[in-house]
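One structure below.
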Amino acid sequence: MKNRTLLMIPGPIEFEPAVLAAMGAPTTSHVAADFIEAFGQSLERMRRVFMSENGQPFILAGSGTLAMDSVGANLVEPGDRVLVICTGYFGDRYAALLKRYGAQVDQVTAPVGGRPSLEDIEKALKQQKYKIVFVTHVDTSTGVIADVPGTATLAAQYGALSVVDGVCSIAGEELNMSAWGVDVALTASQKAIGVPPGLALFVVNPRAMQAFKGRKAPITNYYADWANWLPVMQAYEARQAGYFGTPAVNLVWALNVSLGQILEEGINARVERHRVLSNACKAAAAALRLNQVAIKPEWAANTMTALRYPPGITGAEFLPRVAKAGAYLAGGLHPDIKNEYFRIGHMGATKIGDVLATVGAIEFALIQCDYRFESGSGVSAASKAIFRT
Ligand code: PMP
């Protein structure tokens with residue numbers, strides 16, 4: 001039997017063979033000329049993928065949480081007031097993280113599956129002066145997409161920096177740092193960027209870099225201190241070696257391949273492909289009468305789909321059956337509804353056939369769980385949605 005099950009969770013995902021081949025190539029020195037070129041090129045390509053004209057890209061060994069942590073460590077000084085726009089688990093994580101660095105954190109929240117309105121955000125900004133506004137672009141625990149351009153515009157209007165957690169969005173959802181006035185955007189390698197887990201990636205735009213350079217309090221995190229990494233990033237981009245900590249050499253090789261593929265596809269075409277795949281998945285869900293966690297369809301992300309189980313069906317029954325039929329899906333993550341829903345990732349290298357196979361596997365599992373529906377209706381709705389778009 002074929003020993004391959006599609007990895008359709010919201011990260012890590014299916015990866016392109018060329019990316020995996022780059023990971024598996026013999027490791028080079030981190031100061032080898034060809035590696036310096038790959039690292040330098042990756043930094044330049046990041047700027048294009050994040051759509052930042054003059055930001056400073058960083059590539060660190062670590063996960064997305066390190067990218068979040070580094071922003072907290074470098075931009076927050078004890079006593080700073082910051083605002084977290086929360087659409088789920090990862091917004092709460094950011095709030096907890098920022099408190100470690102002495103921030104006074106306020107949150108704007110919404111019911112699970114909802115998102116704070118721009119009016120709610122503006123109300124908070126009117127009441128209090130904040131140094132930074134943090135927003136999770138797509139909260140992977142709910143599949144809700146935030147209004148990032150609206151939030152960044154408001155932050156700038158009220159004199160605050162904006163930081164976007166784009167771990168579940170960048171290279172899958174539209175993001176234009178320069179046009180939207182986003183000051184920092186961060187992600188991790190294992191999602192729409194299309195590289196196995198292990199890299200923390202972020203771009204710091206000039207206003208945020210100025211705030212970093214002007215800070216008074218010492219930075220209390222050693223590894224994540226931007227002062228240690230800035231000269232390294234600048235050196236590699238100038239095609240010279242630099243050292244603070246050994247880079248994740250194979251991952252950087254793989255990153256350069258993936259960023260090259262992303263730019264070759266074109267950011268707009270890639271975002272559009274994610275929208276088509278997402279529409280197909282969501283059309284299938286509607287046909288199967290599976291409700292989204294996102295309260296309104298326009299609040300649902302394109303990189304993933306979060307769906308509630310039908311009454312009487314549990315993850316313990318359902319998910320192993322989907323996997324047996326060919327696709328790994330993820331269970332719930334948001335603590336309030338953890339056992340009530342499951343999550344499908346459809347980002348990066350995901351193809352139309354992967355989505356159709358996944359919907360087929362979901363139907364197979366639903367039949368086995370004695371759920372009543374018209375067999376084939378999910379797959380049919382998905383393929384119709386694809387051909388309509
Ligand atoms: N933010 C979001 C929106 C995420 O989805 C994740 C990972 N699922 C993280 C942050 C943390 O990233 P990591 O697991 O790579 O530390």
Once you have the Cα-Cα distance between Tyr222 and Thr28, take 0.36 nm times their residue separation minus that, and quote the gain in nm to one decimal.
67.2 nm
Which of the trypsin sites (Lys or Arg not before Pro) found in the stretch 1-92 are loop residues per DSSP with 11 or fewer other Cβ atoms within 10 Å of their Cβ?
Lys2, Arg4
So what's the net charge close to Leu98: Lys and Arg +1, Asp and Glu -1, counting the other residues with Cβ under 14 Å from its Cβ?
-1
Leaving ligands, DNA and RNA out of it, report the carbon-plus-sulfur percent of the accessible area of the chain at a 1.4 Å probe.
54 percent
Roughly how many Å is it from the Cα centre of the stretch 170-195 to that of the stretch 278-332, as a whole number?
24 Å
Just the projected area, averaged over all directions, of the convex hull on the alpha carbon atoms of the stretch 140-255: how many nm²?
8.7 nm²
Sorted on mean Cβ neighbours within 10 Å (highest first), peptides 347-353, 238-244 come out as 347-353, 238-244
Could you work out how far helix 226-237 tilts from the main Cα principal axis of the chain, as a 0 to 90 degree angle to the nearest 10?
80 degrees
Enumerate the lysines that Lys324 could reach by cross-link, defined here as Cα to Cα under 27 Å, with residues fewer than 8 away along the same chain left out.
Lys2, Lys191, Lys282, Lys338, Lys351, Lys384
Based on the Cβ-Cβ distance of Gln127 and Thr5, what FRET efficiency does E = 1/(1 + (r/R0)^6) give at R0 = 56 Å, to the nearest 0.05?
0.65
Cα to Cα, under 16 Å, and not fewer than 8 places away if on the same chain: which lysines meet these conditions relative to Lys213?
Lys131
For the stretch 51-102 and the stretch 214-260, write down the distance between their C-alpha centroids in whole Å.
17 Å
Using a basic spin-label model with each label point 7 Å from the Cα along Cα→Cβ, how many nm lie between Gln104 and Ala235?
4.1 nm
Taking the DSSP beta bridges in the chain as the whole, what percent of them are antiparallel, to the nearest 5?
50 percent
Sum of side-chain charges, Gln128 neighbourhood, beta-carbon under 14 Å (Lys, Arg +1; Asp, Glu -1):
+1
So what is the relative contact order of the chain, in percent, for Cα pairs below 8 Å that sit 6 or more residues apart?
24 percent
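The values are calculated or read from the model by the stated rules, or taken from the named source; none is laboratory data. Being a predicted model, the structure only gives us computed values, none of them experimental. Neighbour counts are summed over all protein chains in view; Cβ atoms, including those assigned to glycine, are modelled from backbone coordinates with ideal geometry. What goes into the accessible areas is simple: the full protein's heavy atoms, side chains included, and nothing from ligands, DNA or RNA. Shrake-Rupley method; radii C 1.70, N 1.55, O 1.52, S 1.80 Å.
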